[in-house]
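These notes are about the structure you will find just below.
Bear in mind these aren't lab numbers, they're just calculated from the coordinates by the rules spelled out. Quantities reported herein were computed from a predicted structural model and do not represent experimental measurements. Cβ atoms come from the backbone with ideal geometry, glycine included; neighbour counts cover every protein chain shown.
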Amino acid sequence: MSGTRGPRRVRAEVDHMRCVSNAMCVTIAPGVFAHNDQRQSEVVDSEGGTPEAIIEAAENCPTSAITVTDAVTGETLFP
Ligand code: SF4
């Protein structure tokens, strides 16, 4: 394992009290986010996109409904 460098693994969560269903996150990271029956965004696969795409989706959410943390350390990456 030592010497290997891979992208860091991240975990995303959506606050459904904030999500306004504009699908920005689904557009930016379609393998990660999808709308449920209530047109709320849900994380379907935290590894369905690059960490960069997940953070970009969080940055572009108009209501900052998406929280991104490092899956290993728990460090908050966004917001
Ligand atoms: S970008 Fe934010 S508000 Fe829009 S669907 Fe995703 S979580 Fe909801």
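Compared with the dominant Cα axis of the chain, that is its longest principal axis, helix 51-60 is turned about 30°. Once both labels are positioned 7 Å from their Cα atoms along Cα-to-Cβ, the gap between residue 75 and residue 59 label points is 1.7 nm.
The distance between label points at residue 21 and residue 37 comes to 1.4 nm (points 7 Å beyond Cα on the Cα→Cβ vector). Residues whose amide H comes within less than 5 Å of that of residue 77, counting only those at least five positions distant or on another chain, are 68, 69, 70 (H built at 1.01 Å from N in the peptide plane).
Each pair of Cα atoms in region 34-73 enters the Kirkwood radius, and Stokes-Einstein at 37 °C and 0.692 mPa s then converts it into a translational diffusion coefficient of 296 µm²/s.
Report, please, the projected area of the chain averaged over directions, based on the convex hull of its C-alpha atoms, in nm².
Values: hull surface 20.5 nm².
Over every viewing direction, the Cα hull of the chain projects on average to 5.1 nm².
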